[in-house]
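The values are calculated or read from the model by the stated rules, or taken from the named source; none is laboratory data. Since this is a predicted model, take the numbers as computed values, not measurements. Counting neighbours? That spans all protein chains shown, and the Cβs are built from the backbone with ideal geometry, glycine included. Just the protein is used for accessible areas: all its heavy atoms, side chains included, with ligands, DNA and RNA removed. Shrake-Rupley method; radii C 1.70, N 1.55, O 1.52, S 1.80 Å.
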Amino acid sequence: MTAPGPAVRTVVVVHGYDAAPDQHWFPWLRAALAADGVRAEVLELPEPSAPEPAAWQAAVARAVGEPDEHVHLVGHSLGCITILRHLAGLPQPWALGGLVLVAGFTGPLESEPSLDAFLAEDVDVAAVRANVRRRLVLRSDDDPTVPPAATDALAARLDAELQVVPGAGHFRGRDGITRLPAVLDALAPR
C-alpha cells in the first residue's frame, strides 16, 4: 500500500465468477467492517455463472457512485478486472481511498476458457494507479485457477503491495477460506 489516508467509511466488495455475496469470506468481512462502523456492501452481480462485462461494470458503477478518499473497493478474482475497468473509465479527476484485489488478474486464464470473451479487452491500469491512494494485491501460493505470475503481473502494473497467503487456494469457501484477515488489515486506518 502507499500513503496513509483518511478513515474508511464505505467498502464495496465485488465477487468473482460463479459466486455470490453469501459465499467465501464475504459475509465475515461485511460483519467485521460493520462492527467497526464501516458501511460495507457485498455487491450481487447479475448472472454470476454467465458474466457479461457491461452488466457487471454497470452494477459496480451503481454501487460505487462517486468514489472518494473514504471509499475502498475489494475485488475477488473476476471481480478485480471488473473494478479496474470501471475505475479506468471514470472521467478525471477522481480519487479512491484504497483498492484490495484478491486473486486478481487481467488476461485470459487457461483454467477458465469460457471467460475468454469477458477477458478479451485489457484495462488501462495506469489510469487507475494514479488515482488510488492505497493498493494491495493478495494471492495464494497454491491457486488452481489464477497462476501466481498473473497476479504478480497485476500487482506490478498497479505498483501495489503484493502479499502471499500460504495455502489459500483461490480464496473460496471450498478452499477453507471463510475469513480473510489480510483484507481487513488492509482496510484498517494507518
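Quick look at the values:
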quantity: Options R135, R157, R174, R139: the member that is closer than 16 Å to A88 by Cα, free of Cβ contacts under 8 Å to residues at least 60 places away in the same chain and of a type outside the set (D, E); calculated: R157
quantity: Exclusive hit being farther than 22 Å from V123 by Cα, in a loop (DSSP other than H, G, I, E, B) and open to solvent by 10 Å² or more (accessible area, probe 1.4 Å), set P46, P21; calculated: P21
quantity: Residue match in the stretch 29-38 (condition: over 17 Å from R179 (Cβ atoms), open to solvent by less than 30 Å² (accessible area, probe 1.4 Å) and part of a loop (DSSP other than H, G, I, E, B)); calculated: no
